[in-house]
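Have a look at the structure below before the remarks.
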Amino acid sequence: MFDPKQTASTSYIALGSNLGDRENHLRSAIAALRQFGRIEAVSSFYETDPVGDIPQSNFLNAVVALTTALHPEELLKALLRIEQQQGRDRNTSPPKGPRTLDMDLLSYGDEMIKTTTLTLPHPELTQRLFVLVPLAEIAPHWTHPDSGKTAAQLLAELSRADELLRQKVRRIDTPKQSA
């Protein structure tokens, strides 16, 4: 359980699902995150086209702000356990393939980390509209610790660079506060 007396950092976590009841998978993941900290914000849900060459259904994506006392590596392990509980098997599914739940740790406070299992901020964060759109919605002033650019600035730059991609991110739902 989250202990607010411990030193905590705000993390941003990207959620995605394109198999089964996508909305339920996201909502269940959000509920599961409560055991690891305090949810500060949940973005709207966005339907997005898949990335890559594997034919698959559209994704439902969101971003969650979580204040947690878990260390980054512990938080990553917790995210992977939630994915498994939602039916994802990273060992048998192809990278960037269809999945019930995908949870990516985007950032942890203003830390910059590079290990064999974790890179923060997420190395592809700045190139993914399906991450930047919901991130900028809930944290437009979040600042990338390396570039110094805000989420809103990164989104504006990427949107200008690829207008076609921007059109493929469609807001479909704003979760209720009880999410």
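Derivation of every value follows stated rules applied to the coordinates shown; laboratory data play no part. These numbers were taken from a predicted model, which means no experiment stands behind them. Backbone-built Cβ (ideal geometry, glycine too); neighbour counts: all protein chains shown.
Go through the range 10-89 and name the trypsin sites (Lys or Arg not before Pro) that are in a DSSP coil and have 14 or fewer other Cβ atoms within 10 Å of their Cβ.
On the way: sites: 22, 27, 34, 38, 77, 81, 88; in loops: 88.
Taking the range 10-89 and a limit of 14 other Cβ atoms within 10 Å, no loop trypsin sites (Lys or Arg not before Pro) are found.
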Hey, rough spin-label estimate for residue 77 and residue 115, points 7 angstrom out along Cα→Cβ, what's it come to in nanometres? 0.9
Would you work out the charge dipole size for the range 1-92 about its Cα centre, treating the Cβ of every Lys and Arg as +1 and the Cβ of every Asp and Glu as -1, and quote it to the nearest 20 debye? 340
Once phi is turned into θ = phi - 60°, what whole-Hz ³J(HN,Hα) does the Karplus curve with 6.51, -1.76 and 1.60 give for every residue of the range 33-42, x standing for Gly and Pro? 5, 4, 6, 10, x, 9, 7, 8, 6, 10
Which option, (1) 11.6; (2) 14.2; (3) 10.0, is the value of mean projected area of the Cα convex hull in nm² that was calculated from these coordinates? (3)
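Between residue 31 and residue 54, what's the calculated FRET efficiency when r is the beta-carbon distance and R0 is 41 Å? Round to 0.05.
Details: r = 29 Å, r/R0 = 0.70.
Working from the Cβ atoms, E equals 0.90.
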Dipole of the range 9-173 [Lys/Arg +1, Asp/Glu -1 at C-beta], most positive-end residue of 44, 112, 139: 44
Overall form of the range 52-141 per C-alpha gyration tensor (a/c, 1.5; a/b vs b/c): oblate
Quick one: among 102, 146, 110, which has the greatest mean-square fluctuation in a GNM of the chain with alpha-carbon springs under 10 angstrom? 146
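Using the Cα centre as the reference, give the magnitude of the dipole from point charges on the C-beta atoms of the range 9-173 (Lys, Arg: +1; Asp, Glu: -1; all else neutral), rounded to the nearest 20 debye.
Working: 18 positive and 21 negative charges, 42 e Å.
In debye, rounded to 20, the range 9-173 gives about 200.
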In nanometres, what is the gap between the two model label sites at residue 93 and residue 146, each 7 Å from Cα along Cα-to-Cβ? 2.6
For the range 94-151 and the range 1-64, distance of Cα centres in Å: 12
